[in-house]
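Here is the structure we will look at, set down as structure tokens.
The values are calculated or read from the model by the stated rules, or taken from the named source; none is laboratory data. Keep in mind that what you see is a predicted model, and the values were worked out from it rather than measured. Every residue, glycine as well, gets a Cβ built from its backbone with ideal geometry; the counts of neighbours run over all protein chains shown. In case anyone asks, the SASA skips ligands and DNA or RNA and just uses the protein heavy atoms, side chains included. Shrake-Rupley method; radii C 1.70, N 1.55, O 1.52, S 1.80 Å.
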Amino acid sequence: MKKTVAASVLALSASLTTLGVTPAEAAAPATALPAPTGDHPVGKTDLHLIDSSRPDPWVADRDARELMVSIWYPARKAAGKRAPYLTPQESELIIRSEPRLEDVPADTLARTVTHARAGAPARQRKGGWPLVVLSPGMTLPRASMTSLAEEFASRGYLVAGIEHTYESLATTFPDGRTVTFEAGKAGQTPETGEKVARVRAADTEFVLKRLKADKRWNRLIDERRIAMVGHSVGGQSAAHLLPVSGRIKAAVNLDGTYNPKTPAKPVAKPFMMIGNPRHQPESGGKDGSWDQFWPHVKGDGKRWLTVTGADHMSFMDFAVLQPQLGLPKTPIDGRRALKITRTYVTAFLDTHLKGERRPVLDKPSGKYPEVKFW
């Protein structure tokens, strides 16, 4: 019996080697994102943008701000290879930043299965598609919001995910350079939070300006319909930018703590914040910033939602990737958490960018009992 098992193992190893897959790779955790649910196939491309009008705010010897931006869009057909999730260098730096993943192959996240097709031909639409700008959490790459980006694109939005350089654990540029985290290394102080909000506002306005000036993209974008969705510090940055931006018409904060705790101007445009139960009104948790920010939200299209069982990572890709990597699960299943996030954020965008009423935003739903309205 032992000889039979050993022979089988050797045969399997030989087969894998023939296919170009090592036994170690075969044993590695398989990571995949949930498929988008909209009608359109999704394309994706990456842009390297340089803002020479300002030095980098985080690294003194960089005289220009360099950004990587991913564009997801409705495609004519699902043609070509699946777009990579991360580069191998980015995957390694992120995997090795978590001690509990020391036995996980460094390139695991680079092999994560996505659903957008790299460089697929874009579907044209008269007047262009509504645009959604994505801003990830501190230390997180723009890729961490891929599940949302693919969903929005499949439902008729063009999506621009911004990599805020030196605010992510790893950012790879087309020339092969990979830069790492520099922002707030001394700690996340109120001053750092205010600076991050300013930097991200400048990054976002620059990206919007460049997309408008780019002949390839400006014909695909409806400039009258632009929203911003951010996770964590990206969410609080979206909230602070919304009342002062002339181009962004609506915004969503996914579990972001406010720092500063009040906006420079009242938020009169459509705005939604959705987070974990620690962000419930007067929750008694250490963060009371949502209570302080809310009185400054004045528009009719405002929503304050929390999701029972969620934690900070439940609103982006790590909700499903962490369990696949062997990290502890949250009380709410990751796929369920992402389904809820996709449902409510898409409903918000449909309402305020497309003018399509979505009753799920009106009141608590028996289909999503985890979602609490405040």
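Is region 210-231 home to any residue that is at pLDDT below 95, crowded, with 18+ Cβ neighbours inside 10 Å, more than 15 Å from residue 297 (Cα to Cα) and not hydroxyl-bearing (Ser, Thr, Tyr)? Taking every residue of region 210-231 in turn, none turns out to be at pLDDT below 95, crowded, with 18+ Cβ neighbours inside 10 Å, more than 15 Å from residue 297 (Cα to Cα) and not hydroxyl-bearing (Ser, Thr, Tyr).
The condition (being in a helix (DSSP H, G or I), over 21 Å from residue 232 (Cβ atoms) and more than 20 Å from the chain's Cα centre (by Cα)) is satisfied by just one residue among 195, 209: 209.
If I filter region 289-310 for residues that are under 30 Å from residue 106 (Cα atoms) and buried (at least 21 other Cβ atoms within 10 Å of the Cβ), do I get at least one hit? Taking every residue of region 289-310 in turn, at least one turns out to be under 30 Å from residue 106 (Cα atoms) and buried (at least 21 other Cβ atoms within 10 Å of the Cβ).
Among the residues of region 119-146 satisfying the criterion of being touching a helix residue (DSSP H, G or I) at 6+ places or on another chain (Cβ under 7 Å) and closer than 25 Å to residue 219 by Cα, which is surrounded by the most Cβ atoms within 10 Å (Cβ to Cβ)?
Within region 119-146, the first condition is being touching a helix residue (DSSP H, G or I) at 6+ places or on another chain (Cβ under 7 Å), and the residues that meet it are 130, 132-138, 141, 144.
From the residues that got through so far, the ones that are closer than 25 Å to residue 219 by Cα too are 130, 132-135.
Values: 130: 26, 132: 26, 133: 26, 134: 28, 135: 32.
Applying the filter and picking the extreme gives 135.
Yes or no: residue 177 modelled with pLDDT of 95 or more and surrounded by fewer than 19 Cβ atoms within 10 Å (Cβ to Cβ)? Spell out how you get there, then give the answer.
Values: modelled with pLDDT of 95 or more: yes; surrounded by fewer than 19 Cβ atoms within 10 Å (Cβ to Cβ): yes.
So residue 177 passes the test.
Of the candidates 30, 35, 83, the single residue that is open to solvent by less than 30 Å² (accessible area, probe 1.4 Å), small (Gly, Ala, Ser), under 25 Å from residue 323 (Cα atoms) and in contact (Cβ under 8 Å) with a residue 12 or more places away in the chain is 83.
Please go through region 106-118 and pick out each residue that is open to solvent by less than 40 Å² (accessible area, probe 1.4 Å) and in contact (Cβ under 8 Å) with a residue 24 or more places away in the chain. Can you show your working first?
Filtering region 106-118 down to residues open to solvent by less than 40 Å² (accessible area, probe 1.4 Å) leaves 106, 108-110, 112, 114, 116.
If the condition is that a residue be open to solvent by less than 40 Å² (accessible area, probe 1.4 Å) and in contact (Cβ under 8 Å) with a residue 24 or more places away in the chain, then 108, 109, 110, 112, 114, 116 are the ones that fit.
Summed over region 120-178, the residues that are in a strand (DSSP E or B) and not hydrophobic (A, V, I, L, M, F, W, C) give a count of 9.
In this structure, is residue 153 touching a Leu at 6+ places or on another chain (Cβ under 7 Å) and either open to solvent by less than 10 Å² (accessible area, probe 1.4 Å) or closer than 28 Å to residue 337 by Cβ (or both)? The answer is no for residue 153.
Is it true that residue 309 is of a type outside the set (Asp, Glu), touching a Ser or Thr at 6+ places or on another chain (Cβ under 7 Å) and on the phi > 0 side of the Ramachandran plot?
In short, yes.
Does residue 244 count as modelled with pLDDT of 95 or more, touching a helix residue (DSSP H, G or I) at 6+ places or on another chain (Cβ under 8 Å), open to solvent by 10 Å² or more (accessible area, probe 1.4 Å) and on the phi < 0 side of the Ramachandran plot? So residue 244 fits the description; yes.
Whenever a residue of region 50-68 is over 23 Å from residue 86 (Cα atoms), it has no partner that is basic (Lys, Arg) and exposed (fewer than 11 other Cβ atoms within 10 Å of the Cβ) lying with C-beta atoms less than 7 angstrom away and at least six residues away or across chains.
Every condition in (1) at pLDDT 95 or above; (2) open to solvent by 10 Å² or more (accessible area, probe 1.4 Å); (3) not β-branched (Val, Ile, Thr) is met by residue 337 except one, and the failing one is (2).
Note on region 38-80: among residues that are surrounded by 20 or more Cβ atoms within 10 Å (Cβ to Cβ) and charged (D, E, K, R), the one that is nearest to residue 319 (Cα to Cα) is 44.
Regarding residue 172, is this residue open to solvent by less than 10 Å² (accessible area, probe 1.4 Å), touching a residue at least 60 places away in the same chain (Cβ under 8 Å), in contact with a Ser or Thr (Cβ under 6 Å, 6 or more places away or on another chain) and hydroxyl-bearing (Ser, Thr, Tyr)? So residue 172 fails the test.
Do the conditions hold for residue 265, that is, is it farther than 23 Å from residue 192 by Cβ and open to solvent by 40 Å² or more (accessible area, probe 1.4 Å)? Let's see the steps before the verdict.
Values: farther than 23 Å from residue 192 by Cβ: no; open to solvent by 40 Å² or more (accessible area, probe 1.4 Å): yes.
Taking the combined requirement at face value, the residue does not satisfy it.
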